[in-house]
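The values are calculated or read from the model by the stated rules, or taken from the named source; none is laboratory data. Note that the structure is a prediction, hence the values are computed from the model and not measured. Reconstructed Cβ throughout: ideal geometry from the backbone, glycine too, with neighbour counts over all protein chains shown.
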Amino acid sequence: MLGLLWAVMTIGVYITYRILGIADLSVEGSITTGAAIAAHCIYTGMNPYLATFLALLGGMAAGLITGLLHTKLKIPALLSGILTMIALYSINLRILGKSNLSLLRMDTVYTVFKESSLVNNPLFVRLNIAHQLPAIILGIICVLAIVTILYWFFGTEIGCSIRATGDNPQMARAQGINTNNMIILGLIISNGLVALSGALIAQQQSFADIQMGIGSIVIGLASVIIGEVLFGRRSFYSRLMSLVFGAITYRLIIALVLKMGMPANDLKLFTAITVAAALALPTFRSYLRPLTKSMKGGAVDAVNKRNS
Amino acid sequence: MLSIRGIHKTFNPGTVNEKTALNNLTLELKQGDFVTVIGGNGSGKSTLLNCIAGVHTVDAGSITIDGDEVTRIPEHKRAAMLGRVFQDPMVGTAANMGIEENLALAYRRGKRRTLKWGISNQERQLYKELLSQLDLGLENRLSDKVGLLSGGQRQALTLLMATLKKPKLLLLDEHTAALDPKTAVKVLELTDKFITEGNLTTLMVTHNMRDAIKYGNRLIMMYEGRILLDIAEEAKQKLTVEDLLKRFGQASGEEFANDRALLS
Ligand SMILES: Nc1ncnc2c1ncn2[C@@H]1O[C@H](COP(=O)(O)OP(=O)(O)O)[C@@H](O)[C@H]1O
Ligand SMILES: [Mg+2]
């Protein structure tokens, strides 16, 4: 049920990838930054909720850097993201102090739920899901809150300006929108959510690892695409919800292929191929279209010939 | 209203692709002037409009709109004073947003954007009325995505967006060139109606000499980044396409080279 926690990241990836039209690689770093900040703060005895909030801020700062590199220094978006990602690797190591920080037996955001009587209900204990319930409950709360806030935000004047910037920057500027600021704002929100997701994941698995961000952009894209394909993309609200279901489905698929005997080390290869195939789908279709057309055309010709 | 003094614009300076698009161009527009702009391909018409709008910054000279010097002001800030329609119908609107959302973006041009809801019910009523004036049936499709509209519908919508908040200056860059002839006539008539009703100061680039003569109170012809001919009021009313070609030949020592302009 880690899917719910990854859903938070998926929503972040969606904001840059679909709304702004940028593939933002800083995500790879900022998810670890979120995990590292939360882990370090909790390890040094801070309140886990405050630690998680600081993780969110840390991610937002990372987004700000990528945004400034891209808009003010005119570095291409992809490269700006890579630069931030690489820089964050060193920064994350500094925050963690070592490559892996354990949170075992520390108080986390889930502790309150772990102790609640609902979670320890004998039924759940017998079903052997009691240990997962805290993450599910908090995950649902977080996801619903984020979806609600974003649904509101992207309907406001500023939110509409961000959407217009991603849709058609020329038009946005002609309507008086400062597109640079909107791109920066979008990257800040996106990376903030990604870092929040990292903080939640680290606390759920009880450790933060310097490697945990690797491939996360691809996982995010996979979840976005799965969500769009399987759960529709009609209204903005249903799109946001589809991201959540996309992230959960992705986790289920991964769990399934692992159960079917795929070595865990091959997971990233599997994800990359899946995403590549999904992204190539429109191209395949356009290759196939003339083919099917000519087949149909041929059939019509044949019919005409027979009739003449 | 618009005062352009000696502007220069050179693209890719110091390279083999160096191209001087505007060469010491000076132009004054009075409030309410409706100026049509013609000129051969590459004579600098689009560059002139883009420099006024702030898409490009000029290398030298100054641009003043209604007393405010805007020469160094970025594009999104100048937008508060300008309405713009482009040649490509795709450029003027956001395809993945609704018709009403596009209008709402234009309605807030020049205002600070806040966390207030992006569109109000009152506005919807206003947009409905304005869209019904276009007579394209768009008034019942407020929430449809703009990407579903035809090129002509999109240009009409862009025109409405450009004039929704009365601009100090309206910039039209061959905005009917990409449309089929029938639609082009319709959009051009709408344009003339909006300009006349709003008494809008306008620069309209057109590839069609007949349209350039028919519309507006003043006509300028550009050549190699400067203004070659400037014909206003009565002199313009008497103008014919043949006159225009002859005078172009006399002034430039060349034949007018814009196939589209001659054919149409
Ligand atoms: N962004 C640009 N980069 C380089 N050259 C440009 C650019 N825009 C216009 N030009 C050049 O400037 C000249 C004038 O172009 P333009 O203003 O588009 O002409 P017009 O609109 O009159 O056909 C042309 O030679 C064109 O190639
Ligand atoms: Mg042009």
Selection count, the stretch A:231-265, where residues are outside any helix (DSSP H, G or I), modelled with pLDDT under 90 and small (Gly, Ala, Ser)
2
Among (1) modelled with pLDDT under 95; (2) within 18 Å of A:PHE53 (Cα to Cα), where does A:GLU228 come up short?
(2)
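To keep it simple, each residue is scored yes or no on (1) touching a residue at least 24 places away in the same chain (Cβ under 8 Å); (2) farther than 15 Å from A:ILE15 by Cα; (3) surrounded by 16 or more Cβ atoms within 10 Å (Cβ to Cβ); (4) not hydroxyl-bearing (Ser, Thr, Tyr).
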{"position": "A:LEU196", "(1), (2), (3), (4)": "yes, no, yes, yes"}
{"position": "A:GLN204", "(1), (2), (3), (4)": "yes, yes, yes, yes"}
{"position": "A:GLN211", "(1), (2), (3), (4)": "yes, yes, no, yes"}
{"position": "A:GLY215", "(1), (2), (3), (4)": "yes, yes, yes, yes"}
{"position": "A:VAL229", "(1), (2), (3), (4)": "yes, yes, no, yes"}
{"position": "A:ILE254", "(1), (2), (3), (4)": "no, yes, yes, yes"}
{"position": "A:LYS259", "(1), (2), (3), (4)": "no, yes, no, yes"}
If you go through the stretch B:229-251 one residue at a time, do you hit one that is within 22 Å of B:CYS51 (Cα to Cα) and either among the aliphatic types (A, V, I, L, M) or surrounded by 21 or more Cβ atoms within 10 Å (Cβ to Cβ) (or both)?
yes
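To keep it simple, each residue is scored yes or no on (1) more than 14 Å from every other protein chain (Cβ to nearest Cβ); (2) in a strand (DSSP E or B); (3) more than 16 Å from ligand 2 (Cβ to nearest atom).
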{"residue": "B:ARG112", "(1), (2), (3)": "no, no, yes"}
{"residue": "B:LYS128", "(1), (2), (3)": "yes, no, yes"}
{"residue": "B:GLU139", "(1), (2), (3)": "yes, no, yes"}
{"residue": "B:PRO167", "(1), (2), (3)": "no, no, yes"}
{"residue": "B:LEU170", "(1), (2), (3)": "no, yes, yes"}
{"residue": "B:LEU200", "(1), (2), (3)": "yes, no, yes"}
{"residue": "B:ILE220", "(1), (2), (3)": "yes, yes, no"}
Can you find even one residue in the stretch B:39-49 that is within 12 Å of ligand 1 (Cβ to nearest atom), aliphatic (A, V, I, L, M) and within 14 Å of another protein chain (Cβ to nearest Cβ)?
yes
Would you pick out the residues in the stretch A:43-52 that are within 18 Å of A:ILE91 (Cα to Cα) and either in contact with a Cys (Cβ under 6 Å, 6 or more places away or on another chain) or not polar (S, T, N, Q) (or both)?
A:TYR43, A:ALA51
Members of the stretch B:11-38 that are out of contact with any Lys or Arg (no Cβ under 7 Å at 6 or more places or on another chain), in a strand (DSSP E or B) and within 11 Å of ligand 1 (Cβ to nearest atom):
B:LYS19, B:THR20, B:ILE38
Of all the residues that make up the stretch A:117-165, how many are more than 18 Å from A:GLN204 (Cβ to Cβ), away from every other protein chain (no Cβ under 14 Å) and assigned to a helix (DSSP H, G or I)?
7
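One line per residue, one yes/no per condition, for (1) farther than 17 Å from B:ALA80 by Cα; (2) away from chain B (no Cβ under 14 Å):
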{"position": "A:ASP167", "(1), (2)": "yes, no"}
{"position": "A:MET171", "(1), (2)": "no, no"}
{"position": "A:ILE177", "(1), (2)": "no, no"}
{"position": "A:ILE188", "(1), (2)": "yes, yes"}
{"position": "A:LEU193", "(1), (2)": "yes, yes"}
{"position": "A:GLY198", "(1), (2)": "yes, yes"}
